[in-house]
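Working notes for the structure below.
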Amino acid sequence: MATCTGCALLCDDIEAIVENNRIKETRNACRRGAARMKGCVNRLVPSIDQKPTDIESSIRKTVEIIKNARSPMLFGLDNSTCEAQAKGIRLAKKLNAVIDDTSSFCQGLLIERILQKKLRTCSLDDIRNKADVLVYWGSDAQDSQPRHLSRFSYFPRGESRQRGYEEDRKAIAIDVRESNTAKICKGHFYRIPLKGDREFILALIEALSGKVPAYDTKKMLELAGILKKAEFGAVFVGIGLTYSIKEDFDILTALAEKLPNFNIMPMVGHYNMRGFNEALFKETGFVNRVKLEPKAVHDNKYSIMESLIRKNTDAIIVVGSDPMISLPRPVLTYLASIPVICIDPCISMTSKIAAVTIPCAATCMESGGTAIRMDGKVISLSKIITSEYMPDEEIMDRLMEAI
Amino acid sequence: MDIGKFLKSPEYEIKITTYRDIFQAEAMERDRFGEEYKMLSAAISISKIDMQKMGLKPKDRVKISNSYGSIIVEAKETKKDEPGGLAFMVNSPWSNSLVSGDTQGKGIPEYKNINAKISLSKEEITTLEKLIAPFIKKPIPF
Amino acid sequence: MVTVMELYQLLPRTNCKKCGESTCMAFAVALLGRKKNVAECTPLLEANFKPQKEKLESLLLPTAGAEETGLIVHPELCTGCGNCVVACPVDVANDPHGAGMGCAPTNEKVIFKVVDGKVMASNIKECRRFGKSKVLCYACIDPCPTGAIEFV
């Protein structure tokens with residue numbers, strides 16, 4: 001059995017049929033997972049200033065750049081194993097560097113609250129076995145974590161949910177658009193206006209407190225009625241909700257207090273983003289945006305966005321992430337103007353502007369290790385095919401040695 | 001004679017939010033410089049009502065621009081009936097071309113709340129190569 | 001989807017019984033159920049019925065790839081999410097500790113399997129829509145987010 005690294009569900013029931021050291025066929029993996037396991041068409045090659053070179057030269061050049069940097073940054077590691085992440089954090093410490101990852105502009109704030117135990121949470125296995133009311137909020141699991149509903153949340157027969165989803169479970173979608181997940185939740189889709197989450201939560205809190213909310217009274221009372229009856233509920237918080245309430249997580253805590261039978265589950269995209277958050281949290285007490293001097297200092301100015309806007313970073317190592325694809329265009333000019341070291345299995349937009357590229361093995365195809373699922377469970381990743389590429393863990397080691 | 005072709009296409013204000021699409025994610029895993037990734041990313045889904053209001057048809061090319069960037073993408077009708085007032089783009093370098101870099105010090109960009117202007121266009125759909133071109137360091141000429 | 005009446009309108013409507021059915025209407029029903037094929041209506045093979053024959057064939061074309069129960073999977077629409085694998089009552093009954101629990105199927109008796117990111121149907125005679133005592137089950141269609149499964 002192989003584990004899929006397509007998203008933070010880390011499906012570990014994948015059958016990969018290998019022929020001539022290539023994955024010929026996958027079974028049980030979703031469309032995205034299958035594509036990921038079969039690999040990208042354009043593998044990255046080692047390069048310096050976009051001219052091909054050998055990996056040793058790439059590593060030497062990287063060391064030269066980061067040694068000369070005043071304020072280096074390590075960014076990414078969400079698509080790396082826990083082992084590589086731990087080494088990355090050590091590397092950042094040694095360099096007195098800023099370290100941040102995509103959770104900085106994704107689910108970081110939510111995961112921080114969960115790790116601080118300010119929000120009640122549970123495992124996906126608990127959800128499979130016990131959950132009767134599921135709320136997908138600002139989350140299109142069908143497209144982002146495609147097997148979420150079939151493996152854990154809605155469709156499976158669990159220990160206390162033996163009669164099938166129609167009878168045993170209720171799925172509710174709260175979203176600004178009728179997503180594929182909302183389609184599955186037919187009859188329980190609550191459309192909200194853009195940025196309307198806060199108002200919706202406030203009205204829902206009123207309804208749950210026995211008051212009559214002014215906002216869409218009938219639907220709100222109906223929803224409150226369903227939630228109140230839940231024996232074991234789960235709110236799947238997608239980035240739609242996280243982006244909408246921004247730093248105002250107290251409002252989510254207030255809602256959670258009104259829903260004592262509910263657990264909050266962060267819907268994570270990158271397969272080991274939670275792993276990064278947990279590792280950094282354990283080390284520093286913060287999930288991202290940290291400068292390791294080497295004493296950890298946390299500040300919003302250490303976020304990738306602010307580091308680029310304020311031009312505070314003068315060299316950046318990007319591991320398994322493509323900020324040129326995921327960041328807003330206005331900050332790309334600065335990113336492209338500083339030396340970027342791109343460590344990735346595939347050619348990316350970031351590798352195209354990188355001063356140095358270092359190809360690495362694709363995790364769970366060409367290298368193994370462990371990763372942390374969106375619910376905090378540790379999942380092991382095994383290697384299925386051999387390759388000439390170094391795992392990113394080893395690249396971190398090599399950089400550490402050279403510094 | 002078609003007078004319309006001498007007139008500038010009317011421009012409309014549009015609000016865009018971003019979302020994820022498994023088919024686009026699949027294309028990204030395979031080849032982010034490929035045609036499939038471009039076709040699935042360089043597109044905007046607009047409700048039927050808004051399409052009619054703006055006189056757009058599916059497969060029309062539209063120019064979407066604001067102070068952060070400008071792109072040419074394909075207009076599509078939303079698969080499900082949407083009430084209008086909000087258009088949708090899959091999260092990609094195309095949608096990110098329209099996102100502000102200002103996070104008010106908080107570090108999270110406004111990916112989900114983009115204001116822009118939209119108009120019919122005859123230009124070709126913006127390619128990834130074109131989006132990335134300004135950032136690629138040109139070799140120093142002799 | 002094509003209806004019996006649409007098919008019937010294109011038949012000779014002579015109730016000649018050459019196809020083995022007692023009426024043209026019965027033949028239309030059999031056509032739709034894929035128990036008969038167009039060529040079994042011999043009068044249709046005559047030149048003056050050519051347009052009707054071609055029309056019939058084109059109407060029945062979308063069902064050509066269907067299983068005996070009429071099940072068609074549109075692989076280009078399928079996301080491989082596996083909702084159908086887990087929701088199918090036959091899969092639950094035949095693999096309660098695998099597919100039924102949301103896990104990978106543990107045996108070959110299941111109807112739905114996800115291969116290369118797309119669902120594939122097999123063991124079609126296990127389907128509730130198969131055979132004499134068939135029921136009009138929608139258990140795989142309702143949970144599909146993209147309409148990738150259809151019965152024709």
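Values in this text are rule-based calculations from the coordinates and carry no lab data. Since we're looking at a predicted model, the values are computed, not measured. Positions of Cβ are backbone-derived with ideal geometry, glycine not excepted, and every protein chain shown enters the neighbour counts.
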**Report entry** Considering only segment B:16-130, percent of DSSP beta bridges that pair antiparallel, nearest 5
**Finding:** 60 percent
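Counting partner chain Cβ atoms within 10 Å of every residue's Cβ in A:139-148, what's the average?
Working: counts 1, 5, 3, 8, 12, 5, 3, 11, 9, 2.
Mean shielding by partner chains, rounded to a whole number: 6.
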Report summary line: Mean Cβ-within-10 Å packing, highest first, puts peptides B:9-20, A:257-268 in the order A:257-268, B:9-20
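Please report, in debye to the nearest 20, how large the charge dipole of the protein assembly as shown is about its Cα centre when each Lys and Arg carries +1 at its beta carbon and each Asp and Glu carries -1 there. It would help to have the intermediate numbers written out before the result.
Values: 97 positive and 87 negative charges, 191 e Å.
About 920 debye.
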Query - HN-Hα J in Hz across segment A:100-116 - Karplus 6.51, -1.76, 1.60, θ = phi - 60°, x for Gly and Pro - result: 8, 9, 5, 4, 4, 10, 9, 9, x, 4, 5, 5, 4, 4, 5, 5, 7
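Round to the nearest 0.05 the FRET efficiency obtained for B:Lys57 and C:Met120 when R0 = 41 Å and r is the Cβ-Cβ distance.
On the way: r = 36 Å, r/R0 = 0.89.
Given R0 = 41 Å and the Cβ-Cβ separation, E is 0.65.
Averaged over its residues, how many other protein chain Cβ atoms are within 10 Å of peptide C:100-108's Cβ atoms? All intermediate terms of the calculation are to be shown ahead of the outcome.
Numbers: counts 5, 9, 15, 8, 10, 4, 1, 0, 0.
Neighbouring Cβ atoms belonging to other protein chains average 6 per residue here.
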**Report entry** Under Karplus coefficients 6.51, -1.76 and 1.60, residue-wise ³J(HN,Hα) of segment A:65-72 in Hz, glycine/proline x
**Finding:** 5, 6, 5, 8, 6, 6, 9, x
Requested in this report: Once you've got the GNM for chain A with C-alpha springs shorter than 10 Å, pick whichever of A:Leu335, A:Leu95, A:Leu194 has the biggest mean-square fluctuation.
Outcome: A:Leu194
Query raised in the report: Where in segment A:116-135 is the amide nitrogen less than 18 Å from a point lying 7 Å along the Cα-to-Cβ axis of A:Ser160?
Result: A:120-135
Requested in this report: For B:Ser97, list long-range residues whose amide hydrogen, built 1.01 Å from N in the peptide plane, is under 5 Å from its own amide hydrogen.
Outcome: A:Arg329
Query raised in the report: How many nm is it between the label spots at C:Gln9 and A:Ser382, if each spot is 7 Å from the Cα in line with the beta carbon?
Result: 6.0 nm
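B:Asn115: net charge of surrounding residues, Cβ under 11 Å, Lys/Arg +1, Asp/Glu -1, itself excluded?
Numbers: positive: B:Lys15, B:Lys117; negative: B:Glu13, B:Glu110.
Here the count lands on 0.
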Query raised in the report: Once the dipole of segment B:23-142 is set up with Lys and Arg at +1 and Asp and Glu at -1 on Cβ about the Cα centre, which of B:Ser67, B:Gly84, B:Thr103 lies farthest towards its positive end?
Result: B:Ser67
Report summary line: Amide H neighbours of A:Leu381 at under 5 Å, excluding residues fewer than 5 places away on the same chain, with H built from the backbone geometry, are A:Gly369, A:Thr370, A:Ala371
Report task. Subtract the Cα-Cα distance of B:Glu11 and B:Lys122 from 0.36 nm times their separation in residues, and report this length gain in nm to one decimal. Result -> 38.6 nm
Query raised in the report: Taking springs between alpha-carbon atoms closer than 10 angstrom, which of A:Gly269, A:Gly196, A:Gly210 fluctuates most in the Gaussian network model of chain A?
Result: A:Gly210
Query raised in the report: How would you classify segment B:1-139 from its alpha-carbon gyration tensor, with a ≥ b ≥ c the square roots of the eigenvalues: rounded for a/c under 1.5, else prolate if a/b is greater than b/c, otherwise oblate?
Result: rounded
Query raised in the report: Amide H to amide H, which residues 5 or more places from A:Val18 or on other chains are under 5 Å from it, using H placed in the peptide plane?
Result: A:Lys24
Query raised in the report: Label-point separation (nm) for B:Ser70 and C:Glu57, each offset 7 Å from Cα along Cα-to-Cβ?
Result: 5.4 nm
Query raised in the report: A:Lys211: which lysines have alpha carbons under 18 Å from its alpha carbon, excluding same-chain residues fewer than 8 sequence positions away?
Result: A:Lys219, A:Lys228, A:Lys229, A:Lys258
Query - Net charge contributed by nearby residues that have their C-beta within less than 10 Å of A:Leu208 (K/R +1, D/E -1) - result: +1
Query - Order by protection proxy (mean Cβ within 10 Å, highest first), peptides B:41-50, B:87-96, A:117-126 - result: B:87-96, B:41-50, A:117-126
Query - Pairwise label distance in nanometres, A:Thr253 with C:Glu108, each label 7 Å out on the Cα-Cβ vector - result: 5.7 nm
Query - Local net charge near A:Lys93, Cβ-Cβ under 11 Å (Lys/Arg +1, Asp/Glu -1) - result: +3
Requested in this report: Determine the gain in length on full extension of the stretch A:Lys51-A:Ser123; use 0.36 nm per residue of separation and subtract their C-alpha separation, reporting nm with one decimal.
Outcome: 21.2 nm
Report task. Determine the calculated [θ] at 222 nm for chain A from helices alone, applying -39500 (n - 2.57) to every DSSP H run no shorter than 4 residues and normalising by the residue count; nearest 500 deg cm²/dmol. Result -> -10500 deg cm²/dmol
